[in-house]
Amino acid sequence: MATKSKTETVSMIDTFKEFKETKNIDRPTLMSVLEESFRNVLSKIYGSDENFDIIVNPDKGDFEIYRNRIVVPDGEVKDPNKEIELSEAQKIEADYEVGEEVSERIDFAKFGRRAILTLRQTLASKVLELEHDSLYQKYKEREGEIISAEIYQVWKREVLCLDEEGHELILQKQEQIPADQYRKGESLRALILRVDNTNGNPKIYLSRTSNLFLQRMLEQEVPEIADGLIAIKKIARMPGERAKIAVESYDDRIDPVGACVGVKGSRVRGIVHELCNENIDVVNYTTNARLFIQRALAPATVSSIALDEENKKADVYLRPEEVSKAIGRNGLNIKLASMLTEYTIDVYRDIAEEAEDDVNLDEFADEVDQWIIDAVKAIGFDTARQVLNAPKELLIEKADLEEETVDNLLSILAAEFEDEE
């Protein structure tokens, strides 16, 4: 039995040595964990481990344990773990005297299978703790970096990925681009968003919707950003659909927008593909709020802007044909412009450019309910041509009308001008 236990103990240290090689545990840490594990078992057996010397050589896979006791006269031993009778000490070496310290080698294998099992469990616990701590520190330092990982499992609410060493990375539903398609075995790129360490069990979370993910990809693709010649000042994103980025150059010779986009869009093409064809607009940053709003609403051409800087609101006036450009498909352009500038933006037609043959909405009271007319006028449209030139989505959203109601209104107004023609 003793031989078998000794073999198990040595085998256990060999296993720990292998762990050290695969997990890159440094030698001082390895020695410390092994010694702590032995002391834990010795403390349970003897009540204390203070008087033990433990010598571990993980490279060779062996160890030595010595118990140190003080020689006392026969019959005066009070603590058998720390004291030894003179007659017993002289059996080890005949010249021992009272008051001297006896160092005696302990055969750990003689403690039996229970002690071996306790040591193995302690080692396993310490090893796991070390591995978790190492993993946490490694990824905590990498928060905000882009990583490539293999898709291992796809679930409804999250995707489980593995890094090169087999560590688990989690991409939650809210951090996924809606148009993303995930297949087991394929590779994906994502941002290391955060690392949690609840109860000593680290969890690594990824993101593909974070603004920082887009910023990091631009830094990789645009050398001028990496070199600090161009700064990304602000980013607004609707992941997978559209993004607006405000950039500033610290070198007058460099056009920041042109440098970021590249010749014929060469520098953003790969990013657009990676983000499921997310359109990327790059604009020049400025601290001039009026000019910044004007740039953010591109490709629309703004006629004038009325600012309320205290409440961060902007009323933007455009020619009728420019309104739909300012709003964009599904209202994306104006939403992103508001996010980028941090202003609430409302767009209006420049009434100075309305046709002379226009008809006031109040004249349609016999065909259109007054509450509908009031709702449309409340958002700045007072005439039939203003309403007809407005995007239908704007009327539905801003006037809070049903699509069927808007369609009926447009039909009535259009008929008025068809009759005139």
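Per residue, how much space in cubic angstrom lies within the convex hull of the C-alpha atoms of the range 240-367?
158
Just the accessible area for residue 393, please: 1.4 Å probe, Å², rounded to the nearest 10?
100
Calculate one ³J(HN,Hα) per residue across the range 368-376 by plugging θ = phi - 60° into the Karplus curve 6.51 cos²θ - 1.76 cosθ + 1.60, and present them in order as whole Hz with x for glycine and proline.
For the range 368-376, the Karplus curve yields 10, 4, 4, 5, 6, 4, 5, 5, 6 Hz.
Take every DSSP beta bridge with both residues inside the range 52-91 and express the antiparallel ones as a percent of the total, to the nearest 5. Kindly include the intermediate steps, with their values, before the conclusion.
Numbers: 6 of 9 bridges.
If we restrict to bridges inside the range 52-91, about 65 percent are antiparallel.
What accessible area, in Å² to the nearest ten, does a 1.4 Å probe give for residue 302?
Answer for residue 302: close to 20 Å² accessible.
Using just the Cα positions, wrap the range 94-163 in a convex hull and report its mean projected area in square nanometres, one decimal place.
Working: hull surface 43.8 nm².
Answer in nm², one decimal: 11.0.
For the range 233-312, what Kirkwood radius comes out of the mean inverse Cα-Cα distance, in Å?
Hydrodynamic radius (Kirkwood, Cα pairs) of the range 233-312 is 14.0 Å.
Just to check I understand the Karplus step: with θ = phi - 60° and J = 6.51 cos²θ - 1.76 cosθ + 1.60, what whole-Hz values come out for the range 165-181, glycine and proline as x?
The phi angles translate into 9, x, 6, 7, 10, 10, 10, 6, 4, 6, 9, 9, 5, x, 8, 4, 10 Hz.
Out of all DSSP beta bridges in the range 270-421, what portion is antiparallel? Express it as a percent rounded to 5.
Bridges in the range 270-421 are about 55 percent antiparallel.
What does the convex hull of the alpha-carbon atoms of the range 43-109 project to on average, in nm²? Mind dumping the intermediate values first?
Values: hull surface 21.2 nm².
Average of the hull's projected areas for the range 43-109 equals 5.3 nm².
Would you mind computing the Rg to Rh ratio of the range 58-181 from its alpha-carbon coordinates, Kirkwood style for Rh?
On the way: Rg = 27.7 Å, Rh = 20.4 Å.
Here Rg/Rh amounts to 1.36.
What accessible area per residue comes out for the range 246-315, rounded to a whole number of Å², with a 1.4 Å probe? Present the calculation step by step, with values, prior to reporting the outcome.
Working: 3930 Å² over 70 residues.
Result: 56 Å² per residue.
Just to check I understand the Karplus step: with θ = phi - 60° and J = 6.51 cos²θ - 1.76 cosθ + 1.60, what whole-Hz values come out for the range 197-203, glycine and proline as x?
Whole-Hz 3J(HN,Hα) from phi for the range 197-203: 9, 5, 6, x, 10, x, 10.
Could you state the per residue volume, in Å³, of the convex hull enclosing the Cα atoms of the chain? Could you put the intermediate results ahead of the total?
Numbers: hull volume 111.9 nm³, N = 421.
Expressed per residue, the convex hull around the Cα atoms of the chain is 266 Å³.
For residue 282, list long-range residues whose amide hydrogen, built 1.01 Å from N in the peptide plane, is under 5 Å from its own amide hydrogen.
Long-range HN contacts for residue 282: 245.
Amide H neighbours of residue 206 under 5 Å, at least 5 residues apart or on other chains, H built in the peptide plane: list them.
170, 171, 172, 193
Divide the volume of the convex hull of the Cα atoms of the range 288-421 by its number of residues and quote the answer in cubic angstrom per residue.
That works out to 109 Å³ per residue.
Put one equal scatterer on each alpha carbon of the range 129-178, apply the Debye formula with no solvent term, and list log10 I(q)/I(0) at q = 0.20 1/Å to two decimals.
The Cα Debye sum returns log10 ratios of -0.78.
Return the percentage of antiparallel bridges among DSSP beta bridges fully within the chain, rounded to the nearest 5 %. Could you put the intermediate results ahead of the total?
Working: 46 of 64 bridges.
For the chain, the DSSP antiparallel bridge percentage is about 70.
Divide, for the range 154-218, the radius of gyration over alpha carbons by 2.2 N^0.38 Å, where N is the residue count. Mind showing how you got there, number by number?
Working: Rg = 12.0 Å, N = 65, 2.2 N^0.38 = 10.7 Å.
The value comes to 1.11.
The values are calculated or read from the model by the stated rules, or taken from the named source; none is laboratory data. Source: prediction; values computed, not measured. Calculation scope for accessible area: heavy atoms of the full protein, side chains included, ligands and nucleic acids excluded. Shrake-Rupley method; radii C 1.70, N 1.55, O 1.52, S 1.80 Å.
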